[in-house]
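The values are calculated or read from the model by the stated rules, or taken from the named source; none is laboratory data. What you see is a predicted model; the values in this text were computed from it and never measured. Every residue, glycine among them, receives a Cβ derived from its backbone with ideal geometry; neighbour counts consider all protein chains shown.
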Ligand code: MCN
């Protein structure tokens, strides 16, 4: 009998290569004779372009060509990504008559060597006729300045009608608290910045190497931007150094590199600098939320309202769609009798906003978790008790919320109880009381958050799907082709575990391939923490079906009834019941005829992982400095297939979530100039800012896939941010502080302390 390796801590098979020879990223590809594309980007937030003069740049050393938006006039403008978005808000590949954010590409210089591009780009002379910039999302809808005059509005899309909000939603509530809070704009900042390389063959087929989260989606998006048929495009995904939601699809820059390669008949390449990345890669979050919560003085929440303004940046992308997910998850894990939510996505003269780890769900959790604390503070109750009192009871049959989300299974109170127990909540409160009584300069704050989120969502008819092909080779090895696209998540390890568990082929003999559209034409890529529950399930399904095909072949060979054959995983062979010597190994069955199966796994719907986080922070009441002491989390993602990898995902996500609460923020001045375009100005989190995370286990399997797995990839960013924010506010609650916007920088905390001491009412 073989023992299943599922659920065990198999170490990542990816890592020896990364740690020895290193990965091969797009910018590492050897492409002899390639020219280099360098983008000239707008220096102003909003302006008409009077002229772009590239003549001096053309004279510079090494310059092959220079192009402006006018040269790309033959490329049709792509519409916004969703049909409900204002169709006039189209983005040209290179700006033509108007620039709408600092960093918008408006010309390219193409050079023999990369360094020559930087110098030559300096010589491009752009004459701007400046327009007033729209920078503040909260006034964009009513601004007299329109980014797209033809659109007639700065509103990209509205979700729900603010005029239709119920006048009586809070009727009967003894307590109603309202607050406007910021979920600030942050930068995904993956270690590997954006890049592209492109070559066209004589038949007019494009091969593009692009770091991405799904080659098939990138192929479709790129073909759309170039106005060509996707059958003309092959995408190859080299190693990808992080993406965090921002490398889905394709950006105008990718399309321009392909256009240049076609125009010059020469391989073209581009890799952006960190400065360009912080300017030009889509940002995340960027919501202003007004939460209103009402209930009774004994702690029962009766009504909740969430009003959202979403900053879409200058051109509508996935960011404009984020409120849809925020609204879907608005009530979180709570049983709230009455709830409503509306949102408006607006265009501003800032970098476009896209998906960032969690994409819409961290924003929902932040809003409800701040609201819960505001409510608890107002009635003078322990926030843990108020949460406990309002959580949905455990359920195993799907539960439909007021916003139409169908939660597959959940046990939220157990998650909270486990987290509180692991944190030693009562002792922490006792320590807090003592420090307050002693008048300590450094006060203790304890922050909580309970969450439920959606993973593996999909709009496909019949439910989300993913494919996998599993092939056994005569030499005893196997190959898996997957439609997912790992970039740090460890699919190579886990997909091999899943196949090995069925086939009895050792993990180190299994190769996992992804990210080449000629080899794998279909696939949904990796995002929305969908991969294991759909792609992993497809690998398991293909492996099982392969055993079915092999069983028939083995039966033919043994002249036996297939039903009498037993597949012995430990030997990777079929045996006949009662005759162990008559064994037919899988490998032998692959000798005569290729032995492979392509399977498509279809899920009945999305799954809803959940959990609870406890953060403990110390805040210096003289300097405003906050230090995170502990983060204790329960993140229930159903059955865990590889705890080592799942914990790694939690660690990374928690660190990023903590960073939003404490440090990160993309800042613009009033003229729309970005002030955070280097890592000196844009602080990202490092090991020195975070404690060792304390992870408690909980597994509530889903029935939506045979693995019982839900997604874990984004849980950390969803639970940790409000827990940390709440902890900092909790530390100062005794001074009457009710809210501090993120990031809770020392300066912001210090200012809050000053106004609290001056008697300012924070509520
Ligand atoms: N896993 C498991 N058991 C579970 C759930 C997951 O063992 N019940 C394992 C999976 O096998 C996989 C990993 O955990 O190895 C994550 O799986 P899953 O939750 O399915 O998420 P995805 O693989 O689809 O990853 C997407 C998710 C997202 S949406 C973002 S954004 C994100 C993230 O993953 N970006 C990342 N993690 C990242 N990690 C790295 N290093 N870099 C990024 O850019």
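So if I check each of 664, 699, 622, which one is assigned to a loop (DSSP other than H, G, I, E, B) and away from the ligand (no atom under 16 Å from the Cβ)?
Unique residue meeting the criteria: 622.
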Task: Which listed residue is away from the ligand (no atom under 16 Å from the Cβ) and either surrounded by fewer than 20 Cβ atoms within 10 Å (Cβ to Cβ) or in contact (Cβ under 8 Å) with a residue 12 or more places away in the chain (or both), from 359, 364, 339, 355 - done: 339
Task: residue 743 vs. criteria away from the ligand (no atom under 16 Å from the Cβ), at pLDDT 95 or above and within 20 Å of the chain's Cα centre (by Cα) - done: yes
Task: Answer from 422, 430, 381, 402 - the residue that is surrounded by fewer than 20 Cβ atoms within 10 Å (Cβ to Cβ), out of contact with any strand residue (DSSP E or B) (no Cβ under 9 Å at 6 or more places or on another chain) and touching a residue at least 60 places away in the same chain (Cβ under 8 Å) - done: 381
- [ ] May I ask you to say which residue of 638, 652, 648, 602 is at positive phi and either under 21 Å from the mean Cα position of the chain (by Cα) or away from the ligand (no atom under 16 Å from the Cβ) (or both)?
- [x] 638
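For (1) surrounded by fewer than 24 Cβ atoms within 10 Å (Cβ to Cβ); (2) under 25 Å from residue 359 (Cβ atoms), each residue gets a yes or a no:
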{"residue": "462", "(1), (2)": "yes, yes"}
{"residue": "488", "(1), (2)": "yes, yes"}
{"residue": "504", "(1), (2)": "yes, no"}
{"residue": "508", "(1), (2)": "yes, no"}
{"residue": "535", "(1), (2)": "no, yes"}
Task: Output for the range 680-689, where each listed residue is touching a residue at least 12 places away in the same chain (Cβ under 8 Å) and under 21 Å from the mean Cα position of the chain (by Cα) - done: 682, 683, 684, 685
Task: Subset of the range 472-491 (residues that are within 22 Å of residue 214 (Cβ to Cβ), touching a helix residue (DSSP H, G or I) at 6+ places or on another chain (Cβ under 8 Å) and part of a strand (DSSP E or B)) - done: 480, 482
TODO: Determine, yes or no, whether residue 5 is under 30 Å from residue 573 (Cα atoms), more than 26 Å from the chain's Cα centre (by Cα) and surrounded by 16 or more Cβ atoms within 10 Å (Cβ to Cβ).
DONE: yes
Task: Failed item, numbered, when residue 238 is tested on (1) within 22 Å of residue 278 (Cβ to Cβ); (2) surrounded by fewer than 22 Cβ atoms within 10 Å (Cβ to Cβ); (3) touching a strand residue (DSSP E or B) at 6+ places or on another chain (Cβ under 6 Å) - done: (1)
Task: Residue tally, condition surrounded by fewer than 21 Cβ atoms within 10 Å (Cβ to Cβ) and touching a helix residue (DSSP H, G or I) at 6+ places or on another chain (Cβ under 7 Å), over the range 96-124 - done: 2
Open item on the list: Taking the condition of being surrounded by 15 or more Cβ atoms within 10 Å (Cβ to Cβ) and part of a strand (DSSP E or B), how many residues in the range 572-607 meet it?
Closed with: 16
Open item on the list: Looking for something away from the ligand (no atom under 16 Å from the Cβ), outside any helix (DSSP H, G or I), in contact (Cβ under 8 Å) with a residue 60 or more places away in the chain and out of contact with any strand residue (DSSP E or B) (no Cβ under 7 Å at 6 or more places or on another chain) - is there at least one such residue anywhere in the range 541-564?
Closed with: no
Open item on the list: Could you check the range 170-227 and list, in sequence order, the residues that are in contact (Cβ under 8 Å) with a residue 40 or more places away in the chain, more than 23 Å from the chain's Cα centre (by Cα) and either farther than 30 Å from residue 298 by Cβ or within 16 Å of the ligand (Cβ to nearest atom) (or both)?
Closed with: 197, 198, 199, 200, 206, 208, 226, 227
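Can you go through 370, 388 and tell me which one is away from the ligand (no atom under 16 Å from the Cβ), without any contact (Cβ under 8 Å) to a residue 40 or more places away in the chain and farther than 30 Å from residue 275 by Cα?
Answer to the selection: 388.
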